[in-house]
Amino acid sequence: MAENKRTETTEGRRERKRRQTRERIEQAAMTLFLQRGFEATTIEDITEAADVSKRSFFDYFPSKEEVVFAWQDAFADRLMAAIAARPVDESSVTAVEAAITATVIASVDEPGLASGDLIHRTPALKARDQLKYARLEQKLAEALLLRKGSDSLERPRMRVLAAIVIGALRVGAELWQQRPPSASPQDFAREIFTDLWKMLAEFGDEAKTRR
């Protein structure tokens with residue numbers, strides 16, 4: 001029993017140390033990126049500021065680009081958890097709107113805003129940024145399907161819903177860069193979804209008229 005307890009404690013300390021090292025690298029890198037610019041900051045600059053070896057850096061990140069996009073992985077994880085937490089009897093549309101709105105609001109903090117601004121003004125990062133939406137779309141579709149159980153008939157519908165919603169999220173992210181300083185992320189997210197559902201309803205009416 002005592003040996004098992006020591007093992008659990010050691011593993012907990014090891015994971016905590018790894019998390020702290022990763023966070024230290026992220027913080028050092030983002031500070032340098034914002035001060036000097038992404039292109040002007042080298043991996044050597046980051047390792048020196050974080051007080052880690054170059055080998056340690058690559059243990060956590062394959063490139064300096066991945067440091068910037070680390071927060072996006074956290075966003076995806078939070079979104080999946082938010083979808084899973086929605087009531088099982090809630091419609092998929094209601095669940096996805098509530099989950100994304102809550103996740104966006106939780107992500108609009110100083111580090112998240114700083115990362116978004118850095119990506120927006122750095123061409124190399126902006127091009128790479130578009131890849132995240134494909135991953136988000138896939139993960140969202142999977143999370144929505146889990147709420148439906150093993151109903152294979154729902155798969156195409158959930159994939160379409162995920163594609164539509166993530167497309168709106170991408171447009172919303174671009175519009176957010178043009179926001180006034182006093183803009184509320186909660187109101188902004190609600191406006192995006194209100195416009196989205198309204199457009200889809202209008203497109204549906206147009207399609208019926210053509211038939």
Using each residue's phi in the range 56-64, evaluate 6.51 cos²θ - 1.76 cosθ + 1.60 at θ = phi - 60° and report the 3J(HN,Hα) Karplus result to the nearest Hz, with x for Gly and Pro. 5, 4, 6, 5, 9, 9, x, 7, 6
What full-extension length gain, to one decimal in nm, is calculated for Val88 and Asp45 as 0.36 nm per residue of separation minus the Cα-Cα distance? 10.6 nm
Taking +1 at the Cβ of each Lys and Arg and -1 at the Cβ of each Asp and Glu, which of Gly167, Ser182, Pro156 sits farthest along the dipole of the range 152-203 towards its positive end, judged by Cα position relative to the Cα centre? Pro156
Can you count the Lys pairs in the chain with C-alpha separation below 16 Å, eight or more apart or on different chains? 4
Return the carbon/sulfur percentage of the accessible area of the chain, one whole number, probe 1.4 Å, all protein chains in place. 52 percent
What is the angle, in °, between the Cα long axis of helix 92-107 and the longest principal axis of the Cα atoms in the chain? Nearest 10 is fine, range 0 to 90. 30 degrees
For Tyr133, Tyr60, the accessible-area ranking with a 1.4 Å probe, largest leading, is Tyr60, Tyr133
Taking only Cα atoms, what is the 0 to 90° angle, nearest 10, from helix 70-85's long axis to the longest principal axis of the chain? 50 degrees
Sort Asp59, Asp89, Asp73, Asp129 by accessible area with a 1.4 Å probe, largest first. Asp89, Asp59, Asp73, Asp129
In degrees, nearest 10, range 0 to 90: what is the angle between the Cα axis of helix 185-210 and the longest Cα principal axis of the chain? 40 degrees
Dipole moment magnitude, nearest 20 debye, the chain about Cα centre, only Lys, Arg, Asp, Glu C-beta charged: 460 debye
On the full set of protein chains, 1.4 Å probe, figure out the accessible area of Lys198 and give it in Å² to the nearest 10. 120 Å²
In the chain, taking the dipole from +1 charges on Lys and Arg beta carbons and -1 charges on Asp and Glu beta carbons about the Cα centre, the listed residue (Gly116, Leu131, Ala141) farthest towards the positive end is Ala141
May I ask you to rank Val108, Val67, Val52 by accessible area, largest first, using a 1.4 Å probe over the protein chains only? Val108, Val52, Val67
Cα-based Kirkwood hydrodynamic radius, the chain, one decimal, Å: 19.7 Å
For the chain, calculated [θ]222 nm from helices alone, where every DSSP H run of n ≥ 4 adds -39500 (n - 2.57): -27000 deg cm²/dmol
Just the accessible area for Trp176, please: 1.4 Å probe, Å², rounded to the nearest 10? 40 Å²
Where Lys and Arg each count +1 and Asp and Glu each count -1, what net charge lies around Glu137 among other residues with Cβ under 12 Å from its Cβ? +4
With no solvent and one point on each alpha carbon, what is the Debye value of log10 I(q)/I(0) for the range 52-126 at q = 0.14, 0.19 Å⁻¹? -0.60, -0.86
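The values are calculated or read from the model by the stated rules, or taken from the named source; none is laboratory data. These figures come from a predicted structure and were not determined experimentally. When we count neighbours, we look across all protein chains shown, and the Cβ atoms used for this are built from the backbone with ideal geometry, even at glycine. Accessible surface areas use protein heavy atoms only, side chains included; no ligands, DNA or RNA. Shrake-Rupley method; radii C 1.70, N 1.55, O 1.52, S 1.80 Å.
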